[in-house]
1. Does the stretch 46-62 hold any residues that are of a type outside the set (Gly, Ala, Ser), closer than 21 Å to residue 93 by Cα, in a strand (DSSP E or B) and open to solvent by 20 Å² or more (accessible area, probe 1.4 Å), and which are they?
2. Show the residue pairs that are 6+ apart or on different chains and have beta-carbon atoms under 8 Å apart, the first residue being within the stretch 29-43 and over 11 Å from residue 73 (Cα atoms), the second being of a type in the set (Ser, Thr, Tyr) and at pLDDT 95 or above.
3. Residues in the stretch 63-77 that are farther than 23 Å from residue 87 by Cβ and surrounded by 11 or more Cβ atoms within 10 Å (Cβ to Cβ): how many?
4. Which of (1) at pLDDT below 95; (2) assigned to a helix (DSSP H, G or I); (3) surrounded by fewer than 12 Cβ atoms within 10 Å (Cβ to Cβ) does residue 13 not meet, given it meets every other one?
5. Mind listing just one residue for me: the one in the stretch 24-45 that is not in a helix (DSSP H, G or I) and not β-branched (Val, Ile, Thr) and, of those, farthest from residue 10 (Cα to Cα)?
Amino acid sequence: MKIFVMTFKLHAPWVNSLKEKRMIVKSLVAKLQNHFHVSAAEVDEQDTHHIVVIGVAAIVPHNAMADSIMDEITEFVENNTEAEIIDEIREIR
């Protein structure tokens, strides 16, 4: 059994308030949870308007499945938000 952890740092320059940012975060987190059945949450930069940091984690049976799901999640994030991915960290434990 393996645990994969991903962290996405996104840049959303059009966001002008924390309320706007919260709507983007809630939408993306809910979509990730519903589509992939993973744990997801905003994990850093909560007080910064233009930067969104989302953590994603799940338990998988082996490394190959973790790699495959992480690739799918990256593509999903790219396609489901207008924010630009400026950093992505992947870890399998």
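1. 59, the sole residue that qualifies.
2. 43/7
3. Selection size over the stretch 63-77: 1.
4. Unmet condition: (2).
5. The extreme case among them is 37.
The values are calculated or read from the model by the stated rules, or taken from the named source; none is laboratory data. Values in this document were obtained by computation on a predicted structure and should not be read as measured data. In this analysis, Cβ positions are derived from the backbone assuming ideal geometry, glycine residues included, and neighbour counts consider all displayed protein chains. What goes into the accessible areas is simple: the full protein's heavy atoms, side chains included, and nothing from ligands, DNA or RNA. Shrake-Rupley method; radii C 1.70, N 1.55, O 1.52, S 1.80 Å.
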